[in-house]
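A.B. asks: Before anything else, here's the structure in question.
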Ligand code: PLP
């Protein structure tokens, strides 16, 4: 296994960054995770476009699309051309004397590697989840390496025996700690609109597209906690999560939702499998 770091392919235990690296010190970095189904990148351009957006937002000058070749090389070097895999990309603002302001001369640092993941069998899973307050900052649209609030939310869930933590901002569901979130109410699909409260999920966009192809109505509108009584199906999406139905939601140790149906989620999974594995 090799990782690409600033122009070199290295063994992971020989790849080092400076202790003054700003992604290390401030979380001043951007990342991206792109899936490869049996060696073939899925929505690669969309992932690079989102990477470019995040870089632009925090004013790191870098051409995200220049990484495409390296991504394919990472898959190749890891011998994953026939396996399900993902490529992790991280760009740090770089290393420099510690200061909150950005030093004038600083070089973007690039880390990139491929790893094997299980992308099969997700349609057999269901997740029991908890819900808690969304304590993240107000730029969740930036895919920043500063993930402490996400880590805390996810750890709270996993340590309590749940699969994911659904986050609530002022009583409205935003998304999961590492997934996008959808609700089905009276046959209509709801998901939080894009904006600073959520990450613009690539899988989320694909699911919205699949709904359109199936003539299923999607409304990008927030769902309030109190609306759960009317909700028929809940599911989360993500690059490695894919599409997983939620079987229950627990809030303050009380079960506030148990699944009523799964037919729409199943339909979406079916089409998603066809699209990712053709
Ligand atoms: N929301 C958050 C907070 C995430 O970390 C992720 C990443 O998986 C997603 C949503 C899903 O995005 P994508 O479908 O692009 O992987």
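Every number here is computed from the coordinates shown, using simple stated rules; none is lab data. Please read these numbers as outputs of a predicted model, since none were measured by experiment. Positions of Cβ are backbone-derived with ideal geometry, glycine not excepted, and every protein chain shown enters the neighbour counts.
A.B. asks: Would you mind telling me the antiparallel percentage of the DSSP bridges in the chain, rounded to 5? Walk me through the numbers before you get to the answer.
C.D. replies: On the way: 46 of 58 bridges.
If we restrict to bridges inside the chain, about 80 percent are antiparallel.
A.B. asks: Arrange the following residues from fewest to most other Cβ atoms within 10 Å of their Cβ: 127, 9, 137. Don't skip to the end; give the middle numbers.
C.D. replies: On the way: 127 21, 9 15, 137 12.
Listing 127, 9, 137 from fewest to most nearby Cβ atoms yields 137, 9, 127.
A.B. asks: Which value, to two decimals, describes the C-alpha radius of gyration of region 216-278 once divided by 2.2 N^0.38 Å?
C.D. replies: Details: Rg = 13.4 Å, N = 63, 2.2 N^0.38 = 10.6 Å.
Taking the Cα Rg and dividing by 2.2 N^0.38 Å, one obtains 1.26.
A.B. asks: Ok, one more. How much length is gained on full extension from residue 11 to residue 155, taking 0.36 nm per residue of separation minus their Cα-Cα distance? Spell out each step's value before the answer.
C.D. replies: Working: separation 144, 0.36 × 144 = 51.84 nm, distance 2.93 nm.
Length gained between residue 11 and residue 155: 48.9 nm.
A.B. asks: Turning to a different aspect of this structure: Expressed in nm to one decimal, what extension gain is obtained for the pair residue 168 and residue 221 from 0.36 nm per residue of sequence separation less their Cα-Cα distance?
C.D. replies: Details: separation 53, 0.36 × 53 = 19.08 nm, distance 1.40 nm.
Residue separation times 0.36 nm, minus the Cα-Cα distance, leaves 17.7 nm.
A.B. asks: Figure the gain on full extension for residue 73 and residue 212 (residue separation times 0.36 nm, minus the Cα-Cα span) and round it to one decimal in nm. Kindly include the intermediate steps, with their values, before the conclusion.
C.D. replies: Values: separation 139, 0.36 × 139 = 50.04 nm, distance 3.47 nm.
Gain in length upon complete extension: 46.6 nm.
A.B. asks: While we're here: Using 7 Å Cα-to-Cβ label points, what is the residue 118/residue 57 separation (nm, one decimal)?
C.D. replies: Output for this residue pair reads 3.2 nm.
A.B. asks: Let me ask something else. Kindly put 87, 189 in sequence by how many other C-beta atoms sit within 10 Å of each C-beta, fewest to most.
C.D. replies: Numbers: 87 26, 189 22.
In order of increasing Cβ crowding within 10 Å: 189, 87.
A.B. asks: Could you order the peptides 98-107, 35-44, 115-124 from most to least packed, using the average number of other C-beta atoms within 10 Å per residue? The partial results should precede the final answer.
C.D. replies: Numbers: 98-107: 9.9, 35-44: 18.4, 115-124: 13.7.
Order by mean packing, descending: 35-44, 115-124, 98-107.
A.B. asks: For the chain, modelled as a GNM with alpha-carbon contacts under 10 angstrom, which of 209, 253, 82 fluctuates the most?
C.D. replies: 253
A.B. asks: Strictly greater than 22 Å: what percent of every Cα pair in the chain meets that? Provide the component values of the computation, followed by the final result.
C.D. replies: Working: 22898 of 38503 pairs.
Of the Cα pairs, 59 percent sit more than 22 Å apart.
A.B. asks: What does a probe at residue 46 reach in region 234-265, counting residues whose amide N is under 19 Å from the point 7 Å along Cα→Cβ?
C.D. replies: What the label zone holds, given the 19 Å backbone N cut-off, is 235-245, 265.
A.B. asks: Considering the alpha-carbon set of region 160-215 alone, what are its Rg and its Dmax in angstrom?
C.D. replies: In Å, with Rg to one decimal and Dmax whole: 12.2, 38.
A.B. asks: I've got another one for you. Using only alpha carbon pairs under 8 Å that are at least six residues apart, calculate the relative contact order of the chain and give it in whole percent.
C.D. replies: Numbers: 556 pairs, mean separation 48.1, N = 278.
Answer for the chain is 17 percent.
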